[in-house]
Amino acid sequence: MTTPMTGTREDWLSARLALLEEEKELTRRSDEIAEHRRQLPWVKISKQYQLQTDQGTVPLSALFRGRSQLLVYHFMFGTDYTAGCPSCSSIADGFNGIFVHLENHDVAFWAVSRGPLAKLQQFKKRMGWSFDWASSAESDFNHDFNVWFTPKEQINGGIEYNYRREPPMPEPLSGKTVQQWELKGSEGPVAQIASMTGTDVATYTRDRPGVSAFAMRDGEIYHTYSSYARGLDGLWGMYQWLDRAPLGRNEEGVWWRHHDRYGV
C-alpha cells in the first residue's frame, strides 16, 4: 500500500482543484460516449425467445410491460449453480434499489439467467431482492447474446466474449484461474468464486455477465447495445464508492461475498 502524502489544507485545495479539472473532462467524455451509444444502429430481433417468469412463460416482448425500452442484466446463474455469482450478486444489490426509478422513466428492467426459475426464486428470496428475474433455460437467449457457451466451444476455442475470441481451454480447469478472465482489474482466483456458486471453474465460466438494451417500436423489438466484463464497472456500485475512498479498491484477491455471508 502506498504511503499517503500529507500536507496543509492549502496543499490539498490546490491538488483538489487540479483533480477537479480531470474529473470534469472525464464527465464530458462520458457524456460523449453515452451519445455514441445511442447512435449505434438498431438490430431487429427475429427470433421468438420464450422466458420463464413468475407470471408463466412469456415472449421477450412481455418483459417491456408497455414501456418502449428494456434493460437486461445477464446474471451469472447457470443451470448447475446452487447460488448466484457473488460478483453479479454485488451488482444486483445496487440495482435492486434503483430499478423502480428506471421503470418510472419508460425503461423496463429485468435480470435474466439460465438457471431454472425455481432456483432463481429461491436465491432471490434469500438475498431479499425485489427486481424481476426471468429464466432463459429453455431458449437460446443467453447464447445468442454471448453470455453462455457450450463445453465444446470452451474446449475448442469457440468462446467469443466481450468482442474477443478466447483461446481454447482443453485441460481440466478446476482449481485454476482462467486466462484473460478479469475480475475488476485482476486475474483473481476464479476457483474461489466458482466455489461460492457450487461449481468448478469450467462450469462457472461458461456463463458470463453482461448488460443488454432493447427498444420496442411499432411492435418490433430491436437490440441496441450490449456490454460485458469491465464494461460493467460503472454499474457495479460498490466500486464507484471504493474509488472515492482514501485507499481506493485496495484489493488482494477476492474479498467480496454474498451479502449474507460476511462474517460466516
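The values are calculated or read from the model by the stated rules, or taken from the named source; none is laboratory data. This structure is a prediction, so every number in the text was calculated from the model and none was measured. Cβ sites come from the backbone with ideal geometry, for glycine too, and all protein chains shown count toward neighbours.
Would you pick out the residues in the range 125-141 that are under 18 Å from Pro209 (Cα atoms), surrounded by fewer than 21 Cβ atoms within 10 Å (Cβ to Cβ) and not small (Gly, Ala, Ser)?
Selection gives Phe131, Asp132, Asp140.
For the range 145-161, which positions are part of a helix (DSSP H, G or I) and under 15 Å from Phe77 (Cα atoms)? If you could, list the steps in order and put the result at the bottom.
First, pick out the residues of the range 145-161 that are part of a helix (DSSP H, G or I): 151-156.
Passing the criteria: none in range.
Within the range 207-215, does at least one residue satisfy the condition of being among the small types (Gly, Ala, Ser), at pLDDT below 95, more than 19 Å from the chain's Cα centre (by Cα) and not in a helix (DSSP H, G or I)?
Within the range 207-215, the first condition is being among the small types (Gly, Ala, Ser), and the residues that meet it are 210, 212-213, 215.
Subset that is at pLDDT below 95: none.
For the range 207-215, residues among the small types (Gly, Ala, Ser), at pLDDT below 95, more than 19 Å from the chain's Cα centre (by Cα) and not in a helix (DSSP H, G or I): absent.
Could you pull out every one of the strands (runs of 3 or more DSSP E) wholly within the range 33-144 that has 3 or more residues that are in contact with a Phe, Trp or Tyr (Cβ under 6 Å, 6 or more places away or on another chain)?
69-74, 107-113
Determine the pairs where a residue that is over 16 Å from Glu251 (Cβ atoms) and touching a residue at least 40 places away in the same chain (Cβ under 8 Å), located within the range 223-238, has a partner that is part of a loop (DSSP other than H, G, I, E, B) and β-branched (Val, Ile, Thr) with Cβ atoms under 7 Å apart, the partner being 6 or more residues away or on another chain.
Partner pairs satisfying both residue conditions: His223/Ile45.
Is it fair to say Glu25 is within 24 Å of Leu235 (Cα to Cα), among the acidic types (Asp, Glu), surrounded by 10 or more Cβ atoms within 10 Å (Cβ to Cβ) and without any contact (Cβ under 8 Å) to a residue 24 or more places away in the chain? Show your work before the answer.
Values: within 24 Å of Leu235 (Cα to Cα): yes; among the acidic types (Asp, Glu): yes; surrounded by 10 or more Cβ atoms within 10 Å (Cβ to Cβ): yes; without any contact (Cβ under 8 Å) to a residue 24 or more places away in the chain: yes.
Yes.
Give the residue that is farthest from Trp148 (Cα to Cα), with candidates limited to residues of the range 164-205 that are hydroxyl-bearing (Ser, Thr, Tyr) and at pLDDT 90 or above.
Going through the qualifying residues, I end up with Ser195.
Would the range 96-115 turn up any residue that is farther than 20 Å from Leu235 by Cα, of a type outside the set (Asp, Glu) and at pLDDT 95 or above? Reasoning before the result, please.
Step one: list which residues in the range 96-115 are farther than 20 Å from Leu235 by Cα, which gives 114-115.
Add one more test, that the residue is of a type outside the set (Asp, Glu), and what stays is 114-115.
The next check asks that each one be at pLDDT 95 or above; those that pass are 114-115.
Yes.
Can you tell me which residues in the range 59-81 are within 30 Å of Thr205 (Cβ to Cβ), of a type in the set (A, V, I, L, M) and either surrounded by fewer than 16 Cβ atoms within 10 Å (Cβ to Cβ) or out of contact with any Pro (no Cβ under 6 Å at 6 or more places or on another chain) (or both)? Show your work before the answer.
Filtering the range 59-81 down to residues within 30 Å of Thr205 (Cβ to Cβ) leaves 59-60, 63, 70-81.
Those left that are additionally of a type in the set (A, V, I, L, M): 60, 63, 70-72, 76.
The answer is Leu60, Leu63, Leu70, Leu71, Val72.
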